[in-house]
Amino acid sequence: MSDTNNVLMSMRHLSRTFSQRTGLFGRQSHSVYAVNNVSLDIYRGETLGLVGESGSGKSTFARLALRLIEPTSGTVQFEGKSLTSMGRDELLAFRRKAQMVFQDPYSSLNPRLTVSRLIGEGLDLAGITNVVDRTTETARLLELVGLAPSISNRYPHQFSGGQRQRIGIARALAAGPTFIAADEPVSALDVSVQAQVLNLLLQLQNSLSLTMLFVAHDLAVVRHISDRVAVMFLGRIVELADSDSIYSAPLHPYTRALLEAIPIPDPDRTPPTPPAIEIQPIEGAGCPYAARCRFAVAMCRETVPDLREHEPGHYAACLRAGEI
Ligand SMILES: Nc1ncnc2c1ncn2[C@@H]1O[C@H](COP(=O)(O)OP(=O)(O)OP(=O)(O)O)[C@@H](O)[C@H]1O
Ligand SMILES: [Mg+2]
């Protein structure tokens, strides 16, 4: 992955396990990899789409990127500095520069705080303390996300889902970030407002030159917003390429399955339902996707495929990529 000057964030061999209880009355516990040995660069000014089914590790990855949780192993660097070795001041500066937009604008906004107080949390981080400056800045941010400055004394419950998500975006922007991790920012919204919020994010990303990690369940949502797309399966990146290549020349069978699952507006065609996620396979027991893969052959059950560059900038973790 090229051009280190252009890299804003860099993950190397990043893993995070969680212990999960199983068995009768949850008496046994075992570790599962939510994120498993992910190495990835995020370039300045790009929007990287991260897709995969429920439980594939997307939110865990986004939270690791913002150091909201600690990795079990591996590293995350931001502007060349490791997140885990940052001192107090550096970490505070990082919190300003890297912000999150959450999935659910109903639960992510404290219902007891007015809009101006919510946005004020971001202004606190940015170090804007003067009352006049804060009022001006709050008005500017609300306008930026398409809301009237006059709403600043209202509470979250007085708004629709789309409006709440706009408030969530304004709050994230208030800190003055260069990087935004948006974790399924439109999944909880009505279909009719999803496109509006997506367009807003796209427009803000352009006008503010933001770098964005955009998490979504399906490839349809990230298509228009992403420069590159990473496809995640059971904690691993299985394919990574620029958007056009992902959609026009996918290399991994899982990416193809995700593309086939995109609903097509044709009443006669029902898209296949992706099968339910299976138990995490034992490490070393071959390709994690083999059990589901219609192209799997004997070697796929024996060897774990590395994420390998097949075309310039187009990576896939499939032993049969290019021949299927
Ligand atoms: N705090 C936690 N404690 C225990 N297990 C967790 C925790 N957070 C995530 N996991 C597990 O890690 C795996 C990945 O979860 P994660 O939430 O990152 O997936 P996701 O791709 O964001 O899914 P979704 O699309 O449903 O949001 C899942 O098996 C999940 O159960
Ligand atoms: Mg998630």
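State the number of residues belonging to the range 44-65 that are in contact with a strand residue (DSSP E or B) (Cβ under 7 Å, 6 or more places away or on another chain) and either within 14 Å of ligand 2 (Cβ to nearest atom) or part of a strand (DSSP E or B) (or both).
15
Would you please name the residue that is most open to solvent (accessible area, probe 1.4 Å), looking only at residues in the range 1-40 that are touching a Lys or Arg at 6+ places or on another chain (Cβ under 6 Å) and within 30 Å of F179 (Cβ to Cβ)?
N6
Is one or more of the residues making up the range 240-250 of a type in the set (D, E, K, R) and assigned to a strand (DSSP E or B)?
In the first step, residues of the range 240-250 are kept if they are of a type in the set (D, E, K, R); the result is 242, 244.
Next, from what is left, pick out any that are assigned to a strand (DSSP E or B): 242.
The answer is yes, given that some residue of the range 240-250 is of a type in the set (D, E, K, R) and assigned to a strand (DSSP E or B).
Output the number of the condition that L50 fails; it satisfies all remaining conditions of (1) over 18 Å from R228 (Cβ atoms); (2) surrounded by 18 or more Cβ atoms within 10 Å (Cβ to Cβ); (3) within 11 Å of ligand 1 (Cβ to nearest atom).
In the conditions (1) over 18 Å from R228 (Cβ atoms); (2) surrounded by 18 or more Cβ atoms within 10 Å (Cβ to Cβ); (3) within 11 Å of ligand 1 (Cβ to nearest atom), L50 misses (1) alone.
Are any residues in the range 69-115 hydroxyl-bearing (S, T, Y) and within 24 Å of L208 (Cα to Cα), and if so, which ones? Working first, answer last.
So the first thing to find is which residues in the range 69-115 are hydroxyl-bearing (S, T, Y), and the list is 72-73, 75, 82, 84-85, 106-108, 114.
Within the range 69-115, just S108 meets the criteria.
One line per residue, one yes/no per condition, for (1) away from ligand 2 (no atom under 16 Å from the Cβ); (2) over 30 Å from T138 (Cα atoms):
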residue: D183; (1), (2): no, no
residue: L198; (1), (2): yes, no
residue: Q203; (1), (2): yes, no
residue: A216; (1), (2): no, no
residue: E260; (1), (2): yes, yes
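Condition check: of a type in the set (A, V, I, L, M), open to solvent by less than 20 Å² (accessible area, probe 1.4 Å) and in a loop (DSSP other than H, G, I, E, B). Does L109 satisfy that?
yes
One line per residue, one yes/no per condition, for (1) within 16 Å of ligand 2 (Cβ to nearest atom); (2) part of a helix (DSSP H, G or I); (3) out of contact with any strand residue (DSSP E or B) (no Cβ under 9 Å at 6 or more places or on another chain):
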{"residue": "R117", "(1), (2), (3)": "no, yes, yes"}
{"residue": "T135", "(1), (2), (3)": "no, yes, yes"}
{"residue": "A172", "(1), (2), (3)": "no, yes, no"}
{"residue": "S209", "(1), (2), (3)": "no, no, yes"}
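Specify which of the listed residues (R21, R12, R67) is more than 16 Å from ligand 1 (Cβ to nearest atom) and of a type in the set (D, E, K, R).
After applying the criteria, what remains is R12.
In the range 52-70, how many are among the aliphatic types (A, V, I, L, M) and in contact (Cβ under 8 Å) with a residue 60 or more places away in the chain?
Looking only at that region, the number is 3.
Those residues that are outside any loop (DSSP other than H, G, I, E, B) and within 13 Å of ligand 2 (Cβ to nearest atom), I need them from the range 66-100; list them, please.
First, the residues of the range 66-100 that are outside any loop (DSSP other than H, G, I, E, B): 73-78, 81-85, 88-100.
Residue satisfying the conditions is M100 alone.
Cβ-Cβ distance below 8 Å, separation of 6 or more or different chains: which pairs start in the range 77-104 with a residue that is in contact (Cβ under 8 Å) with a residue 24 or more places away in the chain and farther than 25 Å from I167 by Cβ and end on one that is open to solvent by 80 Å² or more (accessible area, probe 1.4 Å) and more than 16 Å from ligand 2 (Cβ to nearest atom)?
Q77/R12
Looking for something out of contact with any strand residue (DSSP E or B) (no Cβ under 7 Å at 6 or more places or on another chain), surrounded by 20 or more Cβ atoms within 10 Å (Cβ to Cβ) and modelled with pLDDT under 90 - is there at least one such residue anywhere in the range 218-234?
Yes, because at least one residue in the range 218-234 is out of contact with any strand residue (DSSP E or B) (no Cβ under 7 Å at 6 or more places or on another chain), surrounded by 20 or more Cβ atoms within 10 Å (Cβ to Cβ) and modelled with pLDDT under 90.
What about V186, is it closer than 24 Å to L66 by Cβ, among the hydrophobic types (A, V, I, L, M, F, W, C) and part of a strand (DSSP E or B)?
Against the criterion (closer than 24 Å to L66 by Cβ, among the hydrophobic types (A, V, I, L, M, F, W, C) and part of a strand (DSSP E or B)), V186 does not qualify.
Looking only at the range 181-191, decide whether some residue is open to solvent by 60 Å² or more (accessible area, probe 1.4 Å) and either under 21 Å from R96 (Cβ atoms) or more than 16 Å from ligand 1 (Cβ to nearest atom) (or both). Spell out the reasoning first.
Going through the range 181-191, the residues open to solvent by 60 Å² or more (accessible area, probe 1.4 Å) turn out to be 190-191.
Filter again for either under 21 Å from R96 (Cβ atoms) or more than 16 Å from ligand 1 (Cβ to nearest atom) (or both), leaving 190-191.
Yes, because at least one residue in the range 181-191 is open to solvent by 60 Å² or more (accessible area, probe 1.4 Å) and either under 21 Å from R96 (Cβ atoms) or more than 16 Å from ligand 1 (Cβ to nearest atom) (or both).
Taking the stated definitions as given, is V193 assigned to a loop (DSSP other than H, G, I, E, B) and at pLDDT below 95?
Working: assigned to a loop (DSSP other than H, G, I, E, B): no; at pLDDT below 95: yes.
Taking the combined requirement at face value, the residue does not satisfy it.
Can you tell me which of (1) acidic (D, E); (2) over 18 Å from I169 (Cβ atoms); (3) out of contact with any Pro (no Cβ under 8 Å at 6 or more places or on another chain) is the one E53 doesn't meet?
So the condition that E53 fails would be (3).
The values are calculated or read from the model by the stated rules, or taken from the named source; none is laboratory data. Quantities reported herein were computed from a predicted structural model and do not represent experimental measurements. Ideal geometry is used to build each Cβ from the backbone, glycine not excepted, and the neighbour counts take in all protein chains shown. For accessibility, only protein heavy atoms count, side chains too; no ligands or nucleic acids. Shrake-Rupley method; radii C 1.70, N 1.55, O 1.52, S 1.80 Å.
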